[in-house]
Structure formats: structure tokens, C-alpha cells
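The values are calculated or read from the model by the stated rules, or taken from the named source; none is laboratory data. Computed from a predicted structure; not experimentally measured. No Cβ is skipped: glycine too gets one built from the backbone with ideal geometry, and neighbour counts run over all protein chains shown. Accessible surface areas use protein heavy atoms only, side chains included; no ligands, DNA or RNA. Shrake-Rupley method; radii C 1.70, N 1.55, O 1.52, S 1.80 Å.
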Amino acid sequence: RLKNVYLGNDIDEKSFLAHIKTGDYHIEEYQDSAKRVAELIADGYILGRISGRMEYGPRALGNRSILAHPFNKDINDDLNKRLTRTEFMPFAPSVQKDKSAKYYDDAKRAEYPGEFMTITLNVKKEGQLAEAVNHVDNTARPHFVDKNNNSDYCDILTEFEKLSGYPIIINTSFNKHEEPIVRTAMDGSERLKD
């Protein structure tokens, strides 16, 4: 039984910092980056997160992810245009695993597949405000974030909950059709420029 699928390459921070110094980038450093990321998402920014080891498999699980505010369905159009995707492809919610049962039916039963974003669940009334991650049939394909498997990403959800009341954010991949996957921090910075 897999504990997690963060089996890919880790980021090379030195190479990335050297790369971005040659381009037109704004660099900020924070002692509490989870809090700052949550603040930016709460303010409506769309962020790319490249941290730690890359996920193996078909889903972005927080380490190679685009993150955004889940309460504004209009953000879906913006993300779809940027990523040249169709409206049919819904965005997924990342939610703290220990709080998922409040927002999704059968979350307890689905805890393990939910860690890999491989199951669809009905959204409870409490989760319907996060309309950007709910499909037209009131279902979602949540990613249950376990503090033991990805504590830094879980911290972002904790900080976002302090600001919004919800431990849920949009989590989607950088992937564009017919484009290579985003593997490194440099790949992600280039993709976000598009």
C-alpha cells in the first residue's frame, strides 16, 4: 500500500534561483510562506506551487499545482483560457483530510483513494460555497491532504481556513494539452508566463 506518490524529482532551488535572476521575475521570501500563499489566494491571485518531490501519476497533488480561490466560479474561465482546456474539465478541491467529512459524502470511506484524487464524491451543503471546484451535478473529485504526507501543503490549507472559514482551495495541474508536464521549478515559471 502506497503511503504517498511524491516519488518524482525534487526541485533544484539553486538552479531555479539562478534562472529567475536572468528573467523578469519578482522574488519574495517569507518566514511563513504558507500564510503568505494563503493570503494571496484569498486575495484572488492564481499561484503556481512547485515544492518538494514531484507527484507520480495523473493528478497534481500540491507539489506541482496551480492553486486558486474556490468560491468564485468565474475563475474557471480564466484558468481554462490560460491552460487551453475546455469547460468540461472541472477543477478539483484540495481539502484537509481530517475535515473532509464535513464537505463530502462518504469521505471517511474514501480517505485512501481521496489522497490520490481518484474518487468522485457528492458535495454536502457545507461544501457548496466552493462552487469553483464543484461540478454541475454537485460532485467533486477531492484531494484529501494528509498532514503526515505533505505538511507544507496542509499548512496552506490551514492558513486559508483562518482567512476564509474553509480548508479548501482549487488545485489543478500546470498541464496543457500536447505540452510536456511541468517537472521543475523552471518549467513552472515558464508555464505561468504563458
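For Ile66, enumerate residues with amide H under 5 Å from its amide H, sequence gap 5+ or separate chain, H modeled in the peptide plane.
Here Arg49, Thr172, Ser173, Phe174 satisfy the definition.
Starting from the Cα gyration tensor of the range 128-183, take the square roots of the eigenvalues, sort them a ≥ b ≥ c, and report rounded, prolate or oblate (rounded when a/c is under 1.5, otherwise prolate if a/b is larger than b/c, else oblate). Don't skip to the answer; put the middle values down first.
Details: a/c = 2.18, a/b = 1.18, b/c = 1.85.
Cα axes put the range 128-183 in the oblate bin.
On the full set of protein chains, 1.4 Å probe, figure out the accessible area of Glu28 and give it in Å² to the nearest 10.
Glu28 has an accessible surface of roughly 80 Å² with all protein chains in place.
Sum up the charges of everything whose Cβ sits under 13 Å from the Cβ of Asp12, counting Lys and Arg as +1 and Asp and Glu as -1, but leave Asp12 out.
On the way: positive: Lys14, Arg53, Arg183; negative: Asp10, Glu13, Asp187.
Neighbour charge sum, excluding Asp12 itself: 0.
Roughly how many Å² of Ile156 are accessible to a 1.4 Å probe, to the nearest 10?
Approximately 10 Å² of Ile156 is accessible to the 1.4 Å probe.
Just checking my list (1) 62, 40, 32; (2) 48, 35, 34; (3) 64, 37, 24 against Cα extents along the principal axes in Å computed from this structure; which label fits?
This structure yields the entry labelled (2).
If you average the alpha carbon positions of the range 75-118 and of the range 128-154, how far apart do those two centres end up, in angstrom?
4
Which pairs break 19 Å Cα to Cα here: Lys3/Lys108; Lys97/Lys147; Lys73/Lys147; Lys99/Lys125; Lys102/Lys125; Lys99/Lys162? Provide the component values of the computation, followed by the final result.
Working: Lys3/Lys108 17 Å; Lys97/Lys147 8 Å; Lys73/Lys147 28 Å; Lys99/Lys125 14 Å; Lys102/Lys125 9 Å; Lys99/Lys162 14 Å.
Beyond 19 Å: Lys73/Lys147.
What size of dipole, in debye to the nearest 20, comes out for the chain about its Cα centre when the only charges are +1 on Lys and Arg C-beta atoms and -1 on Asp and Glu C-beta atoms?
Working: 28 positive and 32 negative charges, 105 e Å.
Using Cβ point charges on Lys, Arg, Asp and Glu, the chain gives about 500 debye.
Where is the GNM fluctuation largest for the chain (alpha-carbon springs, 10 angstrom cutoff): Pro70, Pro167, Pro180?
Between Pro70, Pro167, Pro180, it is Pro180 that shows the largest mean-square fluctuation.
With everything on Cα atoms, drop me the angle between helix 151-164 and the longest principal axis of the chain, reported from 0 to 90° to the nearest 10.
70
What does the charge count near Val123 come to, summing +1 for each Lys or Arg and -1 for each Asp or Glu among other residues with Cβ under 12 Å from its Cβ? Each step should come with its number before you reach the end.
Values: positive: Lys102, Lys124, Lys125, Arg141; negative: Asp105, Asp106, Glu126, Glu131, Asp137.
Around Val123, the charge tally is -1.
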